[in-house]
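Quick note: the coordinates plus some simple rules give every number you see, no bench work behind them. Because the structure is predicted, anything quoted here is derived from the model rather than measured. We place every Cβ from the backbone using ideal geometry, glycine too, and count neighbours over all the protein chains shown.
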Amino acid sequence: MSDLRFDPVSGHWTVIAGNRNDRPVEFLPLERVQKRLICPFCGGNEQETPPTKMMYASDGSQMESSPDENGNEHDRWSSRVVPNKYSAFCELKNFDERAAGAEEPLEGVPEVSTSKVAHGPYFRSALPGPQEIIIPSRRHILSMSSLYDDELKVLFRANQDRLQSMRDCETAKHAMLFMNCRSEAGASLEHIHLQLIGSPVVSEHLKRRVERNRLHLDTHKESLMASLLKWEIEQESRIIYQAKYFTVVCPFASRFPFQVWIVPNDPSVSFLEADEDVRDELAFMSRDVIRRLEEALDSPSYNFLMHMAPFGQMAADHWYLEFFPRTTRAAGFELGTDIWVNPIAPELAAKRLRS
């Protein structure tokens, strides 16, 4: 059972999720490695995960789930969506039906309350949050750089579909789509997968970001990210390359060595409503960024995040993708001050990634 707690000192919500310790872990110190004989995300092993929520064929069309008596899918799916077996927030069942507006209360679905409950000088909440795993390939893939073209297209179609469903879920105030690749980035299994978590609360970090963007928008009549991208293009030194719909850049104030953003050239283009050609360009550019990072840094662990504003405030904000390899670790100064130390200038990182 997860416990959602609020710290009035830092303004942070913390999820106490004891069940996360039960996750299967393939990445351990070498003397403790126990290789899993069955990968739960490979094709033919579907019985190792919770029941499939959605499947996609190689052409991007949705497929009906048809498991056999052992729980395996015989159809040749390209991408598969399953509930997160080791969720952080309280489980929310049938959130797709809730998002669709079921007229009758659904059995087993908790009533939604937005109130915090006092717990001494603190607050806590039991709000549920939808969480899913998006598996991008039935093949045993260790990095996004190894995905085929059709797999990439289907994956980003699935990402868009699931974000749209989460936007319509009444308990999700914000959604985070991300991938942790390899052990130093927080992965517990080597078969790559994306996680999608719908948070029932909006963190102080997100609230401050929204407020900064609102103030910039009022003053400059364009989003903060749009102004930053315009300036980076003028400067040129941190631009890796530009395409029709997106620009790849190492941001001026990079927190991490070789931190990379993929930013939409047109701030009015929402990923949730993006056309197929926009999605496909983003998919291929994401793979290209990972390949450049892996070639430059000898296949490091990395994180991939999609940053979006809270639902209901997305129209005035500017979403973007972020990638960063795990070449350094946060230490006492960073953890104590939230001021980050980056030993590699983004201008040097961009120069190396361009080549």
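Some values worked out for this structure:
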{"item": "Cα-based convex hull volume of region 205-354 per residue, rounded to whole Å³", "result": "118"}
{"item": "Residue pairs, from the table K173/K244; K53/K207; K244/K351; K53/K153; K153/K230; K207/K244, whose Cα atoms sit over 25 Å apart", "result": "K173/K244; K53/K207; K153/K230; K207/K244"}
{"item": "Ranked by how many other beta carbons lie within 10 Å on average, peptides 235-241, 260-266, 338-344 from highest", "result": "260-266, 235-241, 338-344"}
{"item": "Region 114-261: radius of gyration and largest Cα-Cα distance (Dmax), Å", "result": "18.8, 54"}
{"item": "As computed over region 159-230, the Cα convex hull volume per residue (Å³)", "result": "150"}
